Amino acid sequence: MKSFVLSTASAIAVCAAGVASADGHAEAEVLHYWTSGGEARSVAVLQEEFAANGGTWTDMPVAGGGGDAAGTALRARVLSGNAPTAAQIKGPAIQEWFQEGVLADISSVAEANDWANLLPASIAAHMQCDGTWCAAPVNVHRVDWIWANTEILAANGIEMPTTWDEFNAAAEALQAAGIIPLAHGGQAWQDATVFETVVLGLGGAEFYQKALVDLDPEALTSDTMVAVFDQMRTMRGYVDDNFSGRDWNLATAMVMNGEAAFQIMGDWAKGEFLAAGKVPGVDFTCASTPGDGYLYNVDSFAMFSVEGEGKAAGQELLAKLIMGPNFQEVFNMNKGSIPARTDVDLSGFDECAKISAADMASTNESGTLMPSYAHGMALFGAQSGAITDVVTAHFNSDMSSADAVQMLADAVANSM
Amino acid sequence: MTRWLQDNMPKIVLAPSFIAVMVFVYGFIAWTAWVSLTRSRLMPRYELDSFIQYERLAASPRFETAMVNLAIFGTLFIVIAMVLGLLLAILLDQKIRTEGAIRTIYLYPMALSMIVTGTAWKWILNPELGIEATVQGWGFAGFEFGWLVDPDKAIYTVVLAAIWQSSGFVMALFLAGLRSVDEEIIKAAQVDGIPTWRVYSAIIIPSMAPIFLSAFIVLAHLAIKSFDLVIALTGGGPGYATDLPATYMYAMAFSRGDIGQAASSAMVMMLVVFAIVVPYLYSELRTKDD
């Protein structure tokens, strides 16, 4: 059945591609920020497929600042009335751009290919603007991962923690054994990454939704939030003294080399382990952070309103290819994430990716599939930035948890 | 016609750069001022909304940290760089043999960009790689020097790196000033048997007042627009402990899609610059009128 769906889908893709290239030439100028080794290889897959379907791809990669530079370039292009055909934008930023009235409608492609049933509901919601489809998802990164050095855990008789109390107990034991319990880099976004996994773990998905998505002031100042900051303070004791400013991949290397036991980081950390020749389950263990739920970080491409038939055809072709099963499989195997569409065959993926996909399906059903605030999926930049400021200020000082929740509520109100 | 050209040539030649300055400096200042009074987010909007952005700025603990850091950094950087520069200049002024070589060595950090300075000092001050690790490696196990990773002290590492970069330049300024003092007066003082330190404190330094002012203006604007050094050295961290107004503005404009906040913080920075430069210009222009 699955292979039937696959072959039908690709048949449709091929037919549509034929149509697109028949009425001239599908062309697309694509602005993205996938410029590092693995990412560049991944986007080249899309480029090749686009060319193989008769399209002309104009690449516009903008490196730097985790997409900040690309965002600046995009704003300049749109302001000057010369928008690219497609740009890599994600999360609420898609809605922000839609409100500026510059996005194109790709509903025809989405409906013809049944995206609504292929995507988890909450991820599909990000791709829809006011009822129409305006973006195509590429991948799903899971953020709430905890990575561990298998050997250290075995040597110290520690199981993967399933509650934060277990985590704390494990960390105390490791500290007593002279091992850094938590490898962490003191950069604001990394502090925020740990914070949101603690919010999800201690408060549950419903609380996460209220606090970090709806920004309910009551939730932000609740006792649960105080407990979250208490846990952050406890975890501050589990990182080494020299964590400030460390890049995340160096923290991953600490786990690899046996200097540290755990790291809390999204599944891009897996790429570091695999690149170093480590085997999941043998050299390192992956598990979701304590608690239920799933925090996703989805990259996507939004299409801009542009003049010209060739460009419109290019957008349709691009949207179709991005959601195509072949690209979703090949791209995500390269990048370490999992496909956004739920019907892709995962046999070629590693163990961690299979866990991720299974959990995405189950949390989608139980309604605990949540957008990552730390990675720009839940909130606009001003609000998520305000929260991150408080989180990182608390983590890097001796601020009390009570002060922190008050500051959090004030900062969120001030950012509106 | 030729006559007219002759009379107006200077104006014609200057016109393009005058127009460029009007548009790209004053025009954009006006634009930023306008945007700072709107609720602009991702894209600039133009409906005025009173002083909401300045109120938000005043309520932001992060901007407060940035302004306090600017005060600490600016004061220490300017004072220490000037004292150190003056001291080096006086020592170099003692007609020593290898003055040329030493002057070049002290001036050399100025040839590096702030990014290079910041990165180098980041490694020097990193407890695991730099001074702390080295001294501990010599056997002083109790030695600690973790300013870079201490939120309360990290701003002083920025001061340290900035002084290292700029004091050579201040030295060169002062050295030129010292050399410009009339040799005759100094000789007369020496004939009268006045000790050297008195010659410096009562004659040479007071006559260098304009040099002090120039050095102050140069250092003050370096301090206020300081951005690259912080980005390279601490990235604004730990937390946002070493944020400066310039890094705050960058974060708002380019990472957070909050152009209104960015514009208002830029205006505040400009007002700080004005507060320093306007009295200077005023005194300069007045002395000329006299």
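The values are calculated or read from the model by the stated rules, or taken from the named source; none is laboratory data. Just so we're clear, the structure is a prediction, and the values are computed from it rather than from any experiment. Reconstructed Cβ throughout: ideal geometry from the backbone, glycine too, with neighbour counts over all protein chains shown.
Summary table below
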quantity: Contacts under 9 angstrom Cβ, first residue in segment A:93-105 being touching a residue at least 40 places away in the same chain (Cβ under 8 Å), partner buried (at least 22 other Cβ atoms within 10 Å of the Cβ) and assigned to a helix (DSSP H, G or I), 6 or more apart; calculated: A:Ala93/A:Gly71; A:Ala93/A:Gly381; A:Ile94/A:His126; A:Glu96/A:Gly381; A:Trp97/A:Leu74; A:Leu103/A:Trp97; A:Ala104/A:Gln315
quantity: Given (1) closer than 15 Å to A:Ala86 by Cα; (2) touching a Lys or Arg at 6+ places or on another chain (Cβ under 9 Å), index of the condition A:Asn297 fails; calculated: (1)
quantity: Condition check for A:Ala86: over 20 Å from A:Ile338 (Cβ atoms) and touching a residue at least 24 places away in the same chain (Cβ under 8 Å); calculated: yes
quantity: Subset of segment B:44-79 (residues that are under 30 Å from B:Ala176 (Cβ atoms), of a type in the set (Val, Ile, Thr) and either within 14 Å of chain A (Cβ to nearest Cβ) or surrounded by 17 or more Cβ atoms within 10 Å (Cβ to Cβ) (or both)); calculated: B:Ile78
quantity: Selection from segment A:347-360 of residues that are of a type outside the set (A, V, I, L, M), surrounded by fewer than 18 Cβ atoms within 10 Å (Cβ to Cβ) and at pLDDT 90 or above; calculated: A:Lys354
quantity: Criterion (within 14 Å of chain B (Cβ to nearest Cβ), among the β-branched types (Val, Ile, Thr), crowded, with 18+ Cβ neighbours inside 10 Å and outside any loop (DSSP other than H, G, I, E, B)) met by exactly one of A:Thr392, A:Thr363; calculated: A:Thr392
quantity: Odd one out for A:Gly310 among (1) crowded, with 23+ Cβ neighbours inside 10 Å; (2) closer than 30 Å to A:Leu79 by Cα; calculated: (1)
quantity: Selected residue [surrounded by 12 or more Cβ atoms within 10 Å (Cβ to Cβ), touching a residue at least 24 places away in the same chain (Cβ under 8 Å) and either of a type in the set (A, V, I, L, M, F, W, C) or within 14 Å of another protein chain (Cβ to nearest Cβ) (or both)] from B:Leu129, B:Leu87, B:Leu178; calculated: B:Leu178
quantity: One residue from A:Gln187, A:Gln209, A:Gln231 being within 14 Å of chain B (Cβ to nearest Cβ), crowded, with 19+ Cβ neighbours inside 10 Å and not acidic (Asp, Glu); calculated: A:Gln187
quantity: Residues located in segment A:164-184, provided they are of a type in the set (Val, Ile, Thr) and either in a helix (DSSP H, G or I) or away from chain B (no Cβ under 13 Å) (or both); calculated: A:Ile179
quantity: Residue check for A:Ala378: facing another protein chain (nearest Cβ under 8 Å) and touching a residue at least 24 places away in the same chain (Cβ under 8 Å); calculated: no
quantity: Enumeration of residues in segment A:340-378 that are farther than 21 Å from A:Glu329 by Cα, touching a helix residue (DSSP H, G or I) at 6+ places or on another chain (Cβ under 6 Å) and of a type in the set (A, V, I, L, M, F, W, C); calculated: A:Leu369, A:Met370, A:Ala374, A:Ala378
quantity: Matching residues, segment A:395-413, being crowded, with 18+ Cβ neighbours inside 10 Å, within 9 Å of another protein chain (Cβ to nearest Cβ) and in contact (Cβ under 8 Å) with a residue 24 or more places away in the chain; calculated: A:Phe395, A:Asn396, A:Ala411
quantity: Residue count, segment A:238-273 (criterion: in a loop (DSSP other than H, G, I, E, B) and either basic (Lys, Arg) or touching a residue at least 12 places away in the same chain (Cβ under 8 Å) (or both)); calculated: 12
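Residue-by-condition table, conditions (1) at pLDDT 90 or above; (2) closer than 22 Å to A:Ile89 by Cα:
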| site | (1), (2) |
| --- | --- |
| A:Ala261 | yes, no |
| A:Lys270 | no, no |
| A:Ala276 | no, no |
| A:Pro280 | no, no |
| A:Ala287 | yes, no |
| A:Leu295 | yes, yes |
| A:Ala312 | no, yes |
